[in-house]
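Just so it is clear, none of the values below were taken in a lab; they were calculated from the coordinates. None of these values were measured; they are calculated from a predicted model. Note that each Cβ is placed from the backbone with ideal geometry, even for glycine, and that neighbours are counted across all protein chains shown.
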Amino acid sequence: MSRFVGDRRVVGIAGLLAAGLAAVVLRTALWAAAPLLVVLLIAYLCRPAGPREVDDFADRSGLATSRASRRFIAHHLTMGRRFRLVMVVAVLVLPPLAGEALGASGGGFSLSSTVVLWACMAGTLLAELSVTRPTGTARAASLVPREPAAYLSRPLLWGPVVAGLLAAAVWGGVAFLSPGPAGGTGPSRADGPTIVAGVAFALLVPLLVSGAQRWILRRPQPLVGPELVAADDAVRAASVRNLAALGSALVLLGLAAGLLQYVEVVDVAAVDWLFGAAAGVSLMLALVSWWSRAWWRPVRRQPFPTTAAASASAVEARA
C-alpha cells in the first residue's frame, strides 16, 4: 500500500514538473512571437477595405451604390482605419521615446485611456481631410441644411453636452471638499489646477466635438449623381458619429474621475457607495459610447433636391 502511495506521489510530482516546463516553454514562445504578432496585427489593420466591408457600410447606411461610390466608400474606410492606427501607435511609442531622449525615467510614463481616445478623434479628422470628394461641374447647396441632428441619434447628439455639464458640476464641487491633512498622509482632494483642468476639459470637449462635426458637415459637396451624394452623406455621418461617440466617452471618463474624488475624500459610507456606484455607471456608459460608433442607421437628411438642381429644373421648365 505504501509503495502504491509513493508511486502516486512520484507521478504527481512529475506531472507538476511537466506542466511547469510546458508553461515556461509556452511563455517563452509567446514572448518570442510577440513582435511577429504585432507586425501581423498592424498589417491587418492597414489592409484596404474589401468588398464585404463596403457592402456592410452600404447596407447599414441604406445606400444604393455605383462603382464610383464604392471606390469613395472604400477610400474612407481604409484611410479612417489607417489614420486612427497611426495616431494610436504614435501616442503609444513617441512619449516613451521622447522620455528616453530627454533622460527621463521610463517608469514616469503612464498611458491614459483619454490619450488613446484623443488619438482616435485626431485620426477621424485626418481621414476626413484625406477624402477627395468626387468632382462635378458645380457645388451643390442643399435646400435641407446639413446639421448634426440629421446625422445622429439623440443620445449621441446630446450625450457629450449632458455628460460635460455633469462633469463640470462634479469637478466644481470637488473644490468645496476638505483639502485633506497638511502632512499629506491621509486622503486629499485634487489641487486647484487639477480641478480647473477637470472643469475646463468637461466644457471644452463638447464644444470641440460640435465644432469638428459642423466643419465636416459644411465642407463643400459637389453636384454629382445621387449615389455619390448619398455615399458622401453616409461618410460624413460615419465621421460625425465617431466624433460624438469618442467625445461622450472622453467626458464620461472625466466624470468618473471627478466622482472618485468624493469617494476618496468623504469618509461617509453612504456617500462612498453612492458616488462609487455613479463612477461605475459613468465608466460603463463610456464603454457603451465607445461601442456606439458601430451603431449605424441611415441618414435622415434628404440630400436632394439641391438649389443648383432646382434652378436647372426651373430653367428647363421655362424653355
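Quick one: if the Förster radius is 41 Å, what FRET efficiency do Asp272 and Arg52 give, using the C-beta to C-beta distance and rounding to 0.05?
0.25
Rounded to the nearest 0.05, what FRET efficiency do Leu287 and Arg67 have when you use their Cβ-Cβ distance and R0 = 41 Å? Let's see the in-between values first.
Numbers: r = 38 Å, r/R0 = 0.94.
About 0.60, to the nearest 0.05.
Between beta-carbons, use under 15 Å as the cut-off and find the net charge around Val271, counting Lys and Arg +1, Asp and Glu -1.
-2
If the label point is 7 Å along Cα→Cβ of Val115, which residues in the stretch 276-290 have backbone nitrogen under 13 Å from it?
none
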